[in-house]
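A.B. asks: Sharing a structure with you now.
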Amino acid sequence: MARLSLTQIAKVIDAKTIGRSPEQMISRLLLDSRKAQGFDETLYFALRGKNHDGHRYVEDLVERGQQFFVLEKSPETVYEDCQYLIVKNSLEALQKLAAYVRKHSQATIIGITGSNAKTIVKEWLFQLLDTSYKVRKSPLSYNSQIGVPLSIWNLGEADEVGIFEAGISEPYEMAKLEKMIRPNLGIFTNLGSAHAINFSSIEQKLDEKLILFKNCEKLIYCQDQENCHSAIEAFAKKHKIDLVAWSKTNIKAALYISEIVKTQKVARIQAVYQDQKLFFTIPFTDDASIENALHASLAALVCGAEPGSVQNNMERLEPVAMRLEMKEGRQGNIIINDAYNSDLESLPVALDFLDQQSGDRKKVLILSDILQSGLDNTQLYREVERIVKAHSIDELVTIGPKTQSYNWSLKISIRSFGSTAQFLKEAYGLKYHDSALMLKGARVFEFEKIGKWFEEKSHQTVMEIRLENVVHNLNYFRAKLKPGVKMMAMVKAFSYGSGAYQIASLLEFHKLDYLAVAYTDEGVELRKAGVNLPIMVLNAEPSAFKELIHYRLEPEIYSLAQLKVLVQTLSLEGANHGFPIHLKMETGMNRLGFEDFDLEDLMQFLENHNEVKVSSVFSHLASSDDEKLRAFSLIQIQRFEKMCALLKSVLNISFTQHLLNSSGINNFPDQQYDMVRLGIGLYGVSSDNNERQHLRHVSVLKAHVSQIKYVSVGESVGYNRAFVAEKATKIAVISIGYADGFRRSLGNGVGEVVIRNARYRVVGNVCMDMTMIDVSGSDVEAGDAVEIFGDNLSVYEVASKMQTIPYEVLTSISQRVKRVYVME
Ligand SMILES: *Cc1c(COP(=O)(O)O)cnc(C)c1O
């Protein structure tokens with residue numbers, strides 16, 4: 001980790017200083033006020049984004065104890081204990097600081113980019129070099145304009161090698177990353193064809209990526225890649241870079257691969273490097289892993305690692321899980337599995353996620369010895385203690401001899417075990433319930449066994465929910481809002497099928513203003529899980545008013561009769577003042593709501609009853625997604641505005657006014673009023689083709705192949721012999737049926753699924769729990785994963801085959817299908 005004085009930093013980033021005399025040392029950078037881990041020697045950079053402004057959190061941070069700030073304008077209040085560095089652009093300042101740290105590092109710096117596999121190549125190269133050198137690498141996939149400077153800051157004086165990955169989503173970004181990383185050695189992984197929205201062509205994308213290497217001495221790549229080989233050669237020539245290639249065809253390549261033999265579990269690779277024969281065995285057999293391992297091995301050799309040690313380490317390459325996974329477990333526990341390397345850098349990232357998702361649950365960290373940190377034990381576990389404290393963990397469980405013998409000074413419950421087996425032997429007696437358990441263990445400790453132990457046994461059909469895509473979609477819509485407009489997120493119907501408190505907690509963490517659910521029960525569940533945001537209940541039934549009041553849920557009020565019962569219940573409960581309600585206006589949907597002729601009685605009642613307070617007035621457009629019906633939407637808008645104006649003037653009150661759902665945000669930007677209600681868009685679905693390009697899908701529904709059947713001519717498949725084979729047919733029986741939400745109407749050739757990247761049709765009738773698929777001519781096997789919708793088959797397509805809309809597809813996936821939450 002770098003450690004510089006504030007004076008030095010001010011000079012590097014060209015800042016004007018406000019505040020007391022600058023002798024302070026800085027060893028930590030803070031960019032996200034929510035992720036503060038103590039404020040000692042910490043410098044906060046207030047960054048401004050499209051829909052985010054770090055300056056908003058300065059006051060709050062001062063209150064919590066933060067003292068040192070990089071800001072783009074002088075603070076309104078200058079506090080005595082604080083010091084402020086004022087710059088033109090905070091992000092540029094951060095990047096300058098990183099470039100400075102890089103420049104003063106003695107380490108060999110390796111920069112990795114390409115379309116895929118950057119993180120895996122980085123991690124594997126680390127695994128290959130770590131036994132010979134002191135290596136620093138970026139945590140997880142910290143490869144952005146912000147992630148890269150944070151990673152570089154971690155470079156320490158003693159580090160001999162630094163490995164950083166660079167990722168870009170827009171043109172011109174790579175030049176900035178290059179300035180910071182300035183790699184001596186480059187690795188180009190590959191060029192994919194996916195996701196080129198912001199680039200005009202695949203060539204432009206490649207040119208942009210190669211900028212990372214323009215000051216490199218050497219560049220490693222695979223010469224057999226036809227789509228980029230000549231462009232890379234031309235680039236290297238122009239910038240005088242030594243190309244160091246591996247190839248399966250060119251004997252003259254620096255690393256020539258003469259043979260690859262795959263067995264059931266390993267791949268054996270014969271190679272020639274500098275006239276020396278090498279034999280690699282890697283514990284993976286898929287082509288992508290072989291390619292990644294070869295990139296890493298060549299880079300390790302070029303760095304000077306002994307061929308013998310590279311051979312040995314290749315055999316022990318560990319899989320890299322690039323994301324956190326959360327599942328519900330037995331006894332109300334949730335289990336967050338961080339199968340990622342148990343390094344120090346990723347611990348705070350994992351614990352942030354735990355904070356976000358744990359709600360009121362007890363927070364338990366189950367941690368193995370941390371291997372390969374480059375620190376001595378005391379330094380290492382002192383740092384762990386600091387991180388654990390900053391995240392207010394309730395209990396620490398350590399597994400492994402190092403953590404067992406360390407003298408922990410934390411004032412929380414600590415249990416230590418020598419091994420995973422020992423923990424599992426006693427786990428039953430530990431009686432964990434309603435806790436959030438974070439598993440963070442080095443591979444050798446086999447924490448997956450702990451995960452299995454806590455998990456519910458069930459049906460293997462799962463819906464994967466990608467939380468980072470929810471955040472992406474949220475930010476996309478936030479960017480469309482006018483300043484000051486608030487956002488309510490619709491988390492009704494189990495958040496459109498994607499989860500209850502998991503989504504709500506995420507939104508709370510991202511500072512949403514409001515949530516809305518359909519029924520009181522749904523709101524109660526969120527409150528019980530520790531969600532504190534205000535929650536509106538759309539269909540608040542009088543029979544549940546007591547609960548509604550008790551759990552501070554705010555009802556939509558759509559009739560005077562309903563309002564009267566609410567007021568009665570409030571009086572009985574002793575709540576005599578100002579209970580927030582939301583008035584729903586009928587403007588054309590003809591569902592729930594007050595008609596204009598109801599308003600006089602309503603207003604009279606409200607004037608005489610202080611038990612309730614009108615928090616907001618709203619209505620709902622019947623066809624905000626339909627351009628052809630725009631005229632009708634405009635009539636609704638007119639009616640709504642008139643009703644609001646009347647309520648305002650007669651009652652002489654102010655309230656929040658809101659009308660737009662997801663498609664309304666796009667189609668009626670002038671009617672955002674004070675708040676919008678985001679629903680389906682949050683989950684990555686839009687009726688607008690252009691908008692679809694910008695959203696990311698959140699759910700992936702997956703089943704698996706239970707059995708393979710070979711059916712001969714004349715034999716039938718399934719109920720009522722709906723399919724009869726006209727030729728020999730290979731059938732895959734898959735683990736999903738209409739009880740899971742895979743509709744019966746998808747039977748008999750209508751529905752399709754994706755197995756091993758190819759599409760196959762449903763044959764015969766869909767059963768309750770199973771479906772049969774024609775996989776003739778394929779090498780599909782039992783156990784293969786089956787995508788129902790997600791990455792290769794869109795929910796739009798499935799909806800259209802079912803003759804319905806994506807809303808219905810998503811919300812009708814049954815609760816018995818387990819949701820697995822992932823965060824990259
Ligand atoms: C469900 C709902 C929304 C959200 O609609 P989307 O089309 O999913 O954005 C907004 N307002 C009300 C009243 C709703 O019931």
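What follows draws every value from the coordinates through simple rules; no lab data is involved. All figures in this text were calculated on a predicted structure; none of them were measured in a lab. Note that we place each Cβ from the backbone using ideal geometry, even for glycine, and neighbour counts take in every protein chain shown.
A.B. asks: If each DSSP helix of 4+ residues adds -39,500 (n - 2.57) and the sum is divided by the residues in the chain, what number results at 222 nm, nearest 500 deg cm²/dmol?
C.D. replies: -9000 deg cm²/dmol
A.B. asks: Aspartates and glutamates near K262 by alpha-carbon distance under 15 Å, same-chain residues fewer than 8 away left out - which ones?
C.D. replies: Reachable aspartates and glutamates: D286, D287, E291, E315.
A.B. asks: Okay, next question. Do any GluC sites (Glu not before Pro) in region 43-96 lie in a DSSP loop with no more than 12 other beta carbon atoms within 10 Å, and if so, which?
C.D. replies: Passing sites in region 43-96 are E76, E80.
A.B. asks: With a cap of 15 neighbouring Cβ atoms within 10 Å, and only residues DSSP puts in a loop, list the trypsin sites (Lys or Arg not before Pro) found in region 377-413.
C.D. replies: K411
A.B. asks: OK, next. Around F45, with a cut-off of 15 angstrom between Cβ atoms, what is the net charge of the other residues, counting Lys and Arg +1 and Asp and Glu -1?
C.D. replies: So the surrounding residues net to +2.
A.B. asks: Taking R0 as 30 Å, what FRET efficiency do you get between E170 and E233 from their Cβ-Cβ distance, rounded to the nearest 0.05?
C.D. replies: 0.70
A.B. asks: Next up: Please report the antiparallel percentage of DSSP beta bridges with both residues in the chain, rounded to the nearest 5.
C.D. replies: Of all bridge pairs located within the chain, approximately 40 percent are antiparallel.
A.B. asks: So what's region 160-238 giving for Cα Rg divided by 2.2 N^0.38 Å, two decimals?
C.D. replies: Compared with the compact-globule rule of thumb, region 160-238 sits at 1.06.
A.B. asks: Would you mind giving the average projected area, over all directions, of the Cα convex hull of region 690-793 in nm² with one decimal?
C.D. replies: 7.0 nm²
A.B. asks: Turning to a different aspect of this structure: Grab every C-alpha pair in region 651-736, bin the distances at 10 angstrom width from 0 up to the longest one, and report whole percents.
C.D. replies: Pairs per bin, as whole percents: 14, 24, 15, 15, 16, 10, 4, 2.
A.B. asks: Going by average Cβ density within 10 Å per residue, which order do the peptides 559-566, 570-577 take, highest to lowest?
C.D. replies: Listed from highest to lowest mean packing, they are 559-566, 570-577.
A.B. asks: Rounded if a/c is under 1.5, else prolate if a/b beats b/c, else oblate: with a ≥ b ≥ c from the C-alpha gyration tensor eigenvalues square-rooted, which is the chain?
C.D. replies: Judged from the Cα gyration tensor, the chain comes out oblate (a/c at least 1.5, b/c at or above a/b).
A.B. asks: Right, another one. For A575 paired with R56, estimate the spin-label separation in nm (one decimal), with each label point 7 Å from Cα along the Cα-to-Cβ line.
C.D. replies: 2.8 nm
A.B. asks: A further question follows. Here is the link list: K431/K452; K176/K209; K137/K205. Which ones come out longer than 19 Å on Cα distance?
C.D. replies: From the list (K431/K452; K176/K209; K137/K205), the Cα-Cα distance tops 19 Å for K137/K205.
A.B. asks: While we're on this one: Residues of region 39-77 with amide nitrogen under 17 Å from the 7 Å Cα-to-Cβ point of R386?
C.D. replies: 39-45, 65-68
A.B. asks: Oh, and also: With θ set to phi - 60° and the Karplus curve 6.51 cos²θ - 1.76 cosθ + 1.60, what are the ³J(HN,Hα) couplings of region 171-182 in order, to the nearest whole Hz, using x for Gly and Pro?
C.D. replies: Karplus-based 3J(HN,Hα) across region 171-182 equals x, 6, 6, 5, 4, 5, 5, 4, 4, 7, 6, 6 Hz.
A.B. asks: Please list the equivalent ellipsoid semi-axes of region 355-424, computed as the square roots of five times the alpha-carbon gyration tensor eigenvalues, in descending order and whole angstrom.
C.D. replies: Here the semi-axes work out to 20, 16, 11 Å.
A.B. asks: Computed FRET efficiency, Cβ-Cβ of D286 and D513, R0 51 Å: what is it to the nearest 0.05?
C.D. replies: 0.65
A.B. asks: Something else about it: Quick query: amide H of V70 versus all other amide H atoms, modeled in the peptide plane; which residues come in under 5 Å with a sequence gap of 5 or more or a different chain?
C.D. replies: Here the answer is Y44, F45, A46, L85, since their amide H atoms fall under 5 Å of that of V70.
A.B. asks: Normalised by the number of residues in region 345-449, what is the relative contact order in percent for Cα pairs under 8 Å and 6+ residues apart?
C.D. replies: 37 percent
A.B. asks: Counting pairs of alpha carbon atoms under 8 Å apart in space and at least six apart in sequence, what relative contact order in percent does region 91-236 give?
C.D. replies: Relative contact order here is 29 percent.
A.B. asks: What is the distance, in nm, between label points placed 7 Å from the Cα along the Cα-to-Cβ direction at S201 and at K134?
C.D. replies: 4.8 nm
A.B. asks: Can you tally the net charge around A93? Count Lys and Arg as +1, Asp and Glu as -1, for every other residue whose Cβ sits under 10 Å from the Cβ of A93.
C.D. replies: Neighbour charge sum, excluding A93 itself: -1.
A.B. asks: Moving on. Order 713-723, 212-222 from most to least packed using the mean count of other Cβ atoms within 10 Å.
C.D. replies: Most protected by this proxy first, the peptides run 212-222, 713-723.
A.B. asks: Expected output is a single nm value to one decimal: the length gained when fully extending between R692 and E797, i.e. 0.36 nm times separation in residues minus the C-alpha distance. What is it?
C.D. replies: Fully extending the segment from R692 to E797 adds 36.5 nm.
A.B. asks: Something else: Apply the Karplus parameterisation 6.51 cos²θ - 1.76 cosθ + 1.60, with θ equal to phi minus 60°, to every residue of region 605-611 and state each ³J(HN,Hα) to the nearest whole Hz, in sequence, with x for glycine and proline.
C.D. replies: 4, 5, 4, 9, 10, 7, 4
A.B. asks: For S559, what charge total do you get from the other residues with a beta carbon under 13 Å from its beta carbon, if Lys and Arg give +1 and Asp and Glu give -1?
C.D. replies: It works out to a net charge of -3.
A.B. asks: Expressed as a rounded percentage, what relative contact order does the chain have, with Cα pairs under 8 Å and six or more residues apart?
C.D. replies: So the answer I get is 8 percent.
A.B. asks: Report the equivalent ellipsoid semi-axes for region 1-141 in whole Å, largest first, defined as the square roots of five times the eigenvalues of the gyration tensor built from alpha carbon atoms.
C.D. replies: Output for region 1-141: semi-axes of 31, 17, 14 Å.
A.B. asks: Right, something else. Determine which residues of region 520-537 fall in the zone a paramagnetic label at K546 would reach in this model, i.e. backbone nitrogen under 17 Å from the point 7 Å along Cα→Cβ.
C.D. replies: Residues passing the 17 Å test: 520-521, 524.
A.B. asks: For E306 and A321 in the same chain, what is the full-extension length gain: residue separation times 0.36 nm, less their Cα-Cα distance, in nm?
C.D. replies: That pair, E306 and A321, stretches by 2.7 nm at full extension.
A.B. asks: Follow-up. Considering every pair of different Cα atoms, what Kirkwood radius, in Å, is found for region 428-542?
C.D. replies: Every distinct Cα pair counted, the radius reaches 16.7 Å.
A.B. asks: Hey, another quick one. Give the lysines reachable from K402 as a straight Cα distance under 19 Å; neighbours fewer than 8 places away on the same chain don't count.
C.D. replies: Those lysines meeting the cut-off are K440.
A.B. asks: Quick query: amide H of L4 versus all other amide H atoms, modeled in the peptide plane; which residues come in under 5 Å with a sequence gap of 5 or more or a different chain?
C.D. replies: Residues meeting the criterion, in which the H sits 1.01 Å from N, are I26.
A.B. asks: Looking at region 478-555 from every direction and averaging, what is the projected area of its Cα convex hull in nm²?
C.D. replies: 5.2 nm²
A.B. asks: For region 246-297, which trypsin sites (Lys or Arg not before Pro) are both in a DSSP coil and crowded by at most 11 other Cβ atoms within 10 Å?
C.D. replies: K252, K265
A.B. asks: With a cut-off of 20 Å, note down the residues of region 695-739 whose backbone N falls inside the zone around a label point 7 Å from the Cα of I805 toward its beta carbon.
C.D. replies: Of the residues in region 695-739, 695-699 have backbone N under 20 Å from the label point off I805.
A.B. asks: Rank by packing, highest mean first: peptides 422-429, 95-102, with packing defined as the count of other Cβ atoms within 10 Å averaged across residues.
C.D. replies: Highest to lowest by the protection proxy: 95-102, 422-429.
A.B. asks: Can you compute the FRET efficiency between N532 and W453 using 1/(1 + (r/R0)^6), with r the Cβ-Cβ distance and R0 = 35 Å? Round to the nearest 0.05.
C.D. replies: The pair N532/W453 has a calculated efficiency of 0.65.
A.B. asks: Here's another thing I want to ask about it. How large, in Å, is region 248-394 by the Kirkwood hydrodynamic radius built from its alpha-carbon pairs?
C.D. replies: Taking the inverse mean of 1/r over all distinct Cα pairs, region 248-394 comes out at 18.4 Å.
A.B. asks: Taking amide hydrogens as modeled 1.01 Å from N in the peptide plane, which residues meet the under 5 Å criterion relative to A442, leaving out close sequence neighbours?
C.D. replies: Answer set, sorted by chain and number: S342, S368.
A.B. asks: Relative to the present Cα-Cα distance, how much length would full extension add between D40 and K486 at 0.36 nm per residue of separation?
C.D. replies: Once the chain is fully extended between D40 and K486, it gains 157.1 nm.
A.B. asks: Okay, moving on. When the Karplus curve 6.51 cos²θ - 1.76 cosθ + 1.60 is applied with θ = phi - 60°, which whole-Hz ³J(HN,Hα) does each residue of region 416-430 get, with x for Gly and Pro?
C.D. replies: Ordered by residue, 3J(HN,Hα) equals 10, 10, x, 8, 4, 4, 5, 4, 5, 4, 9, 3, 4, x, 6 Hz.
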